[in-house]
Structure formats: structure tokens, C-alpha cells
1. Given 37 °C and 0.692 mPa s, how large is the Stokes-Einstein diffusion coefficient of segment 49-93 in µm²/s, with Rh as the Kirkwood radius over Cα pairs?
2. Taking K and R as +1 and D and E as -1, what net charge do the other residues with C-beta under 13 Å from the C-beta of Ser257 add up to?
3. Using θ = phi - 60° and the Karplus relation 6.51 cos²θ - 1.76 cosθ + 1.60, list the HN-Hα couplings for segment 461-469 in order, rounded to whole Hz, with x at every Gly or Pro.
4. In the chain, what cysteines have no partner Cβ closer than 4.7 Å?
5. If contacts are Cα pairs under 8 angstrom and at least 6 residues apart, what is the relative contact order of segment 249-356 in percent?
6. Residue-wise, which Karplus ³J(HN,Hα) couplings in Hz belong to segment 75-89, taking 6.51 cos²θ - 1.76 cosθ + 1.60, θ = phi - 60°, and x for glycine or proline?
7. Between the alpha-carbon centers of segment 71-110 and segment 368-419, tell me the distance in whole angstrom.
8. Could you calculate the contour length gain from Ala351 to Ser398, that is, 0.36 nm times the residue separation minus the distance between their Cα atoms, to one decimal place in nm?
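The values are calculated or read from the model by the stated rules, or taken from the named source; none is laboratory data. These numbers come from a predicted model, not from an experiment. Don't worry about glycine lacking a Cβ; one is built from the backbone with ideal geometry, like all the others, and counts go over all protein chains shown. Protein only, heavy atoms only, side chains kept; ligands, DNA and RNA dropped before computing areas. Shrake-Rupley method; radii C 1.70, N 1.55, O 1.52, S 1.80 Å.
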Amino acid sequence: MTDASPDDVPLYEGRKAIYPQAVRGRFRTIKWAIMVLTLGVYYGLPFVRWDRGPDAPSQAVLLDFPGRRFYFFFIEIWPQEVTYVAGLLILAALTLFLMNAVAGRIWCGYLCPQTVWTDLFMAVERLIQGDRRERMKLEAAPWSVQKVAQKVMTHWAWLMIAWWTGGAWVLYFADAPTLVRELATFQAPMIAYIWIAILTGTTYLLAGHMREQVCTYMCPWPRIQAALTDEQALTITYRYDRGEPRGSLKKNAALKSAGQPAGDCVDCSACVFACPHAVDIRNGLQVDCIQCGLCIDACDTVMRKIGRPEGLIGYDTDINVERRAAGLPEERVRVVRPRTVLYAAVIALVAGVMLWSLIGRASLGLSATHDRNPVFVRLADGSIRNAYTLRIMNKSHSERVFTLDVTGLERAQIDAVGAEIVDADTLRVRVAPDQTHELRVLVTARRGPPSQDIAFVLTDPATAERSAAKDHFLGPKD
């Protein structure tokens with residue numbers, strides 16, 4: 001028999017049915033708490049109200065596409081402020097790096113949406129079909145009324161969870177109570193029903209049927225984090241020096257009585273049965289392992305039953321694994337080290353810059369665009385006229401009256417349709433609340449150099465707040 005060539009090796013392995021065993025312990029408790037908290041925030045946040053004044057949305061978190069705004073409690077982001085979105089993405093990436101440097105794939109094991117929803121789906125499956133043994137027996141049993149009923153109930157419950165997951169998602173894009181009422185009476189926009197159907201299908205498929213396949217084949221993070229993890233990061237580890245050689249409880253007891261080496265691992269496979277990905281942690285870290293800690297709870301339960309110390313499987317560092325193998329004492333776990341300090345410092349810096357920018361940002365804005373063709377016009381009296389398109393942003397929720405001045409050009413005259421002329425180089429402009437007002441402005445100069453830097457200055461007389469936009473006043477070269 002010849003070995004298979006590399007071309008014959010499949011790139012994808014079909015999914016094998018996994019029946020995780022329910023466990024109890026501190027990590028399982030942490031996962032329950034995080035699941036309740038994250039799902040509670042996701043499903044409930046659209047209904048949280050926030051008073052922004054009259055004629056403003058009262059939903060605390062809202063992505064308002066028609067109004068081109070993103071609201072997050074007291075923060076309001078305009079399309080021109082996309083840098084804040086970039087800053088949030090940078091913070092998210094750096095936080096992932098920091099979490100990985102401290103404790104490996106802690107994000108995957110506890111906070112990833114795929115993990116949270118899969119946990120919920122498995123809890124529902126276990127509630128209806130029973131624990132590991134009962135589900136395996138049900139799967140192997142011939143079809144019967146009871147089997148059909150349990151399967152239908154399971155998938156119906158999954159679909160209801162997936163449906164509400166999709167429904168909750170669209171509530172972040174419109175007023176939640178209003179949209180719920182419209183959805184219930186079939187008066188909502190068709191796009192809402194389409195997105196609910198899409199998200200219902202993807203949630204049902206990913207959390208109900210693909211599960212570990214998403215983490216192993218679809219998600220890039222397991223490959224990326226492997227390059228970011230160092231030997232001092234805490235990862236879930238099977239302690240070979242204590243567990244090997246493994247064997248049954250009676251066999252190892254006999255070996256120890258005879259003075260021969262025997263490990264604490266009784267080869268019960270409880271850690272494998274508890275793993276939602278069926279990973280055997282005793283074979284070392286694998287790309288399938290999301291480091292959720294359930295194998296630790298399962299192993300600790302067995303150790304307590306047989307009178308052995310807990311911690312045969314636990315969070316450990318590669319350095320300590322190597323030191324124990326060499327017969328050296330363990331090092332103290334160093335959570336604070338150059339890598340983690342650097343990540344934390346950059347996170348603090350980016351967050352501080354964003355916070356400072358948010359606190360000090362103006363509630364008005366001004367931008368100017370020079371006409372391209374023609375760039376200037378010579379009038380009959382010899383004066384030169386340039387045309388500009390100005391966009392004035394009123395970011396407050398009340399109407400404001402601004403003054404618009406032009407500076408940098410002597411004896412300039414400014415004019416615009418829809419604006420009140422105060423004097424030769426000053427206009428008064430009224431802008432509706434939470435609106436962008438476009439204004440076509442004409443600037444005329446008697447004489448001047450071929451090109452002159454100028455600035456439009458927008459001022460709110462009531463608050464003395466100002467904003468400026470620089471441009472050029474162009475003229476003939478002769």
C-alpha cells in the first residue's frame with residue numbers, strides 16, 4: 001500500500017457529530033454569566049431610551065441611515081466623523097491582542113458571538129434531548145414519535161432564537177418599539193423582513209449546524225493569534241509531568257504501590273467529552289481548541305472524586321511547561337510585561353485621543369469647494385469673481401443663525417443666494433437643527449494677485465463657537 005500524495009489529502013473534513021457532556025465548575029459558571037450578560041445587552045439595548053431633546057431620536061443606540069447619524073447614548077457621530085469608527089476598530093484589534101497576550105484565545109472561549117450563541121443552542125438541545133448519553137442514544141435509535149417530537153422541538157426552539165436574533169439586529173436601525181409594532185402588524189419596510197430572514201438563517205445554520213466548523217475553517221483568528229502568542233501567555237494546558245504515564249485508576253494505583261512511575265490522569269476522557277469541539281487537550285494545543293475552560297472543570301471534578309489535587313488541566317505558560325519538564329521550579333506568571341504594557345499603553349493613548357476629541361469637538365462644521373470650471377470670471381468693471389460651494393453643518397438639535405466671513409483678501413465682496421448680507425465681507429445664514437446646509441458663495445475682488453489664500457470663517461454669535469475652511473482665490477496671471 002502506497003502513501004497518499006499531498007494532492008490526495010482533503011482540504012476540508014466533513015463534520016462529525018459531537019455530543020458535549022454537561023459540566024459544572026467555575027469556568028462553566030463564568031460562561032453562563034457572560035452568556036446571560038451579553039445576550040441581555042444584545043436583545044435589550046434597542047429598547048433603552050435616551051433623551052436628546054425635542055425632534056431628536058430617543059433610542060440610546062441607533063444607526064440612523066436616513067438621518068445619516070450614529071447615536072450611542074450621549075455620543076452622536078456624523079458621516080464626516082468616520083475617524084471615530086476607525087478608532088473603535090483600532091481599539092477592538094488592540095484589545096484582542098492584549099487579551100491574547102494575557103490568556104490566549106480567551107475571546108474565542110467566552111465572548112465571541114459564535115461561542116455565545118452556540119452555547120445557547122447547545123443548552124436548548126440538552127434541555128430537550130438530554131445530556132450526552134441520552135442524545136447519543138436518541139441519535140442511534142430508529143425514528144419514532146418521541147424522536148421526531150424531540151427533534152422538531154429542538155429545531156423549532158433554535159429557529160425561534162435565530163428569528164429573535166435577526167429581529168433584534170434590525171431594531172438597531174430604527175426606533176425599536178415602533179418597528180416591533182410595524183413588524184407585528186406587517187407594516188414594516190420589506191428590507192426589515194429580508195434582513196430578519198437572512199440573519200435568522202445564518203444564526204440557525206452557524207450556531208445549530210456548523211458550530212465548531214466556523215471556528216476551525218471560517219474564522220481567521222485562530223491562525224492570527226498563534227503568531228501573537230508568546231511563551232508567557234496563559235493557555236489551557238495538560239500538565240504532562242503530572243499526568244503521564246496515564247492509565248486506569250486501579251492500574252496506576254498498582255504501579256505506584258510497586259514504586260513504578262504512574263500519572264494522575266486516569267484516561268477517563270472526561271475532558272474530551274466536555275469539550276464542545278471534542279478536542280483532546282492532552283495532545284497539546286490545537287487550532288480547534290477555543291480554550292473555553294470546560295475541560296478544566298471536567299478534569300477537576302474527576303480529580304476530586306478520586307482524591308487527587310485539582311489542576312491537572314489548567315491555565316499555564318509554555319515557559320513553566322518547559323521548566324517542569326527540565327526539573328526546574330516554576331516561574332511566577334508575569335501578566336505585566338513589555339508586550340502587555342505596550343498594548344495597554346496604545347489602547348489608553350487611542351482611547352484618550354478619541355475621548356479628548358469627542359469632548360472638545362465643535363457642534364458646527366464648515367467645508368469649502370472651489371468651482372473647477374471656470375476657476376474665475378472677469379467682470380465688465382475688471383474685478384475678479386470666484387465661486388465656491390460651502391457646506392455648513394449644524395450638529396445641534398436647535399436652529400442656529402451663523403455669520404459667515406471671508407478673510408485674507410482685501411476689499412473682498414461676498415454674496416450668496418439664500419443668505420442675508422450683513423456687510424461687504426459678511427453674511428448671515430440660518431441653518432435648521434441637525435442639518436447640513438449647502439450654500440453657493442460668490443467672492444469678488446477689485447484687484448489682487450493671481451492666487452491668494454483665503455479663509456471662510458463661520459461663527460455662532462450666541463456661543464462664539466467658530467469653524468474655518470481654507471481655500472484659494474484665483475485670478476489671471478497677467
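1. Working: Rh = 11.3 Å.
Value of D from the Cα-based Kirkwood radius: 291 µm²/s.
2. Values: positive: Lys250, Lys251, Lys256; negative: none.
In short, +3.
3. x, 6, 10, 6, 6, 9, 8, 10, 9
4. Within the chain, the cysteines lacking a partner Cβ under 4.7 Å are Cys108, Cys112, Cys215, Cys219, Cys265, Cys268, Cys275, Cys289, Cys292, Cys299.
5. Details: 65 pairs, mean separation 15.7, N = 108.
Across segment 249-356, relative contact order equals 15 percent.
6. Result, ordered by residue: 9, 10, 10, 8, x, 6, 9, 5, 4, 5, 5, 4, x, 5, 5 Hz.
7. The two parts, judged by their Cα centres, are 40 Å apart.
8. Numbers: separation 47, 0.36 × 47 = 16.92 nm, distance 2.96 nm.
Gain on stretching Ala351 to Ser398: 14.0 nm.
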